[in-house]
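The structure appears right after this line, and notes come after that.
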Amino acid sequence: MLGLICRTLGALEPNLDWRAFGLSSILRSQSNSLKSLLSLEIRPMIIHRQNRAMIILLAATFFIYPLLAFAQRPAASQEVKYSPQLASEIKKVQQAALESDYAYRQLAHLSNNIGPRLSGSPQAQAAVEYVAAELRKLGLEVQLEKCMVPHWVRGEEAGALTEYPSMAPNTTQKIALTALGGSVATPADGLTAEVVVVNNFEELEALGRNRVVGKIVLFNAKFDQRLADNGFEGQAYGQAVIYRGIGASAAARLGAVAALNRSVGGADYRLPHTGALRYADDAPKIPAAAVASEDADLIAHLVSEGKVRMRLLLTPQTWPDAVSYNVIADLKGSEHPEQVVIVSGHLDSWDLGRGAIDDGAGVAIAMQTAQLFKQLRLRPKRTIRVIAWMNEENGLAGGRAYANDHKDEMANHFAAIESDLGAGHPLGFYAQGKPEILTLLQPLTVILQTQGAGVTRLVEETGSDVAPLGAAGVPTFAPIQDARTYFNYHHTAADTLDKVNPKELQENCAVVAALAYTLASMPQALPR
Ligand SMILES: [Zn+2]
């Protein structure tokens, strides 16, 4: 799914790597087979007879869906079994994870004591040193592997409407906004211009250069919370985030002086959501910011009534690329130390909040995995490699550097797991690779089913940082999480520790650690 979206977006904007925009979550809402059934077979019947819809959905729930689930299981003749010892060790790992507070304590430290960890910042460096030290404490072999990261520093940011229909004289209306990561600055004393509002690129093109030149363009595409509420949060994000990603250059090509986008997120608490933009080479770089959804509504309303002018001040700075690191920590395998199972999250975060759900949680889950094996004195056959990736948010430098530096070792990369969609209740796991992988992991899903996490889905990609490994043939995995509220806080000042439920974090640790242990211990090789 992500691959498809990346290819579609790539066609719109070649040279642009959409993974750097955190689109990996898009793929996470796919139960493709059920979806296609609903759209291809059931939908026409719903159109014919509305009152049949419920019967059909019930049929899908009670009949078709179980068939699909059954279809994912191996036939009896090829039933996969693990040794009683392996099955019992997986259960031990799962149980210990459900009782441990290690991950939550690590997440609390990352979020509260270190805080936001934007690439190139002193906090990102402190986080690298902290995670490395903690993993050394567990007895792992730790390496810092270098990568060069963008170093963008947020400055002042302010917006105000200075002219609009029926404005009380000598007043303004404040606009809640935040600069997009990578944005250039406005002039030091700000800029003031008329605002035009479009809902999509077609409307922008229809306005044409004459009505865009010299203006501020607001892209007002709404995040579809209804999709997110039904487990398609990735699609909701993907539909809206394109305007954040390439809106500024599209507006600049028509002569706009600045670009705004409606925040890409679900909750309406007047929170602006930041995130990366990417300037195209063929357009002037203009300042760009995200406005809170309420303020996007306000501007759209006033623009529908008449002329609206806005003052915008953004003073971010782009410094030379900085040296940073992926933290890489090995728990050497007992039988095949050369074979590696990666378990990972990304250590960098946006700067507005404290990077708890994105993605301190993923790093804490990965750390907990190694901690559990140490605590239980379990040593898997293959090497467990904990990785805290750097620079997922605005460049993917860490993921790319790792894939490049280790390109000759891909055959020995048995599998890679990344958790990067918060820490909501897990439902199972995604896998990217051959369908037979799910058959080989079926005994694990039976164990995970006891905590309500027995769902498995094949997808085209599972996580941004492991995507380069997936492209090199390494099977990749991610937990399937309840992410209905994830995009309420994503990339906002509200990405704070309280958004992570300690019990649900434990559940995620149980899924990831059990999956990692299985992958590192199973007798079979995974097909490629
Ligand atoms: Zn993330």
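Would segment 390-405 turn up any residue that is among the polar types (S, T, N, Q), in contact with a helix residue (DSSP H, G or I) (Cβ under 7 Å, 6 or more places away or on another chain) and within 18 Å of T476 (Cα to Cα)?
No: zero hits.
Regarding L396, is this residue of a type in the set (A, V, I, L, M), under 19 Å from A471 (Cβ atoms), in the same structural domain as V128 (by TED's automatic domain parsing) and within 16 Å of the ligand (Cβ to nearest atom)?
yes
The values are calculated or read from the model by the stated rules, or taken from the named source; none is laboratory data. None of the values given here were measured: they were computed from a predicted structure. Cβ: placed from backbone, ideal geometry, glycine included. Neighbour counts: every protein chain shown.
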